Amino acid sequence: MDAQDLETALTLFEPGASFVMKPGVVVSGTAGIRQGLGGLMALKLTLTIEAQQLVQAGDVAPYCARWRIQGVDPTGTAIQLGGRSSSILRRQVDGRWLFLVDNPWGTDIVR
């Protein structure tokens, strides 16, 4: 999957899923996630997943990952961010695992 392919990225989410844009900002549903991911993808950042772990319990699984993004914003300023995600996936009827909650900030959302 091309890192800049928004429509393909949206297929990784359930229709009613939630996405934590940043601590304190959560978007929900396909339209909200499209807007949130679209803004990020417009920056053309490079995402690297450094490590990941999935723990399955029936049709639900917490998913944790260590990630980095880097690139340059429209003003020419370098962007480097990283974190540890804590997300929830749910198995669909067809066997695919989709995000129910995608929280790339993990426990950093706790203020």
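Bear in mind that the values in this text are calculations on the coordinates, not laboratory data. As the structure is a prediction and not an experimental result, all values here were calculated from the model. Cβ placement follows ideal geometry from the backbone for every residue including glycine, while neighbour counts extend to all protein chains displayed.
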*Rounding to the nearest 20 debye, state how big the charge dipole of the chain is about its Cα centre with +1 on each Lys and Arg Cβ and -1 on each Asp and Glu Cβ.*
280
*Of Thr77, Thr46, Thr11, the one that fluctuates the most in a GNM where the chain has Cα springs shorter than 10 Å*: Thr77
*Under 20 Å from a label point 7 Å along Cα→Cβ of Asp94: give me every residue in region 50-78 with its amide N that close.*
59-61
*Helix 29-42 versus the longest principal axis of the chain: what angle, 0 to 90°, nearest 10, using Cα atoms?*
30
*asked:* Using amide H atoms built in the peptide plane, which far-off residues or other-chain residues are under 5 Å from Tyr63 H to H?
replied: Ser87, Ile88, Leu89
*Tell me, what is the FRET efficiency for Glu50 and Ile109 to the nearest 0.05, using R0 = 22 angstrom and their Cβ-Cβ distance as r?*
0.65
*the chain: relative contact order as a whole-number percent, Cα under 8 Å and 6+ apart*: 26
*Between region 7-39 and region 57-111, how many Å separate their Cα centres?*
11
*Near the amide H of Trp105, under 5 Å away, which other amide H atoms are found, from residues 5 or more places off or on another chain, if H is placed in the peptide plane?*
Ser86
*If you build a Gaussian network model of the chain, linking Cα atoms that sit under 10 Å apart, which residue out of Val20, Val93, Val101 swings the most?*
Val93
*Given C-alpha coordinates of the chain, what is the ratio Rg to Rh with the Kirkwood estimate of Rh?*
0.96
*If you stretched the chain out fully between Ser28 and Ile79, how much longer would it get, using 0.36 nm times the residue separation minus the C-alpha to C-alpha distance?*
15.8 nm
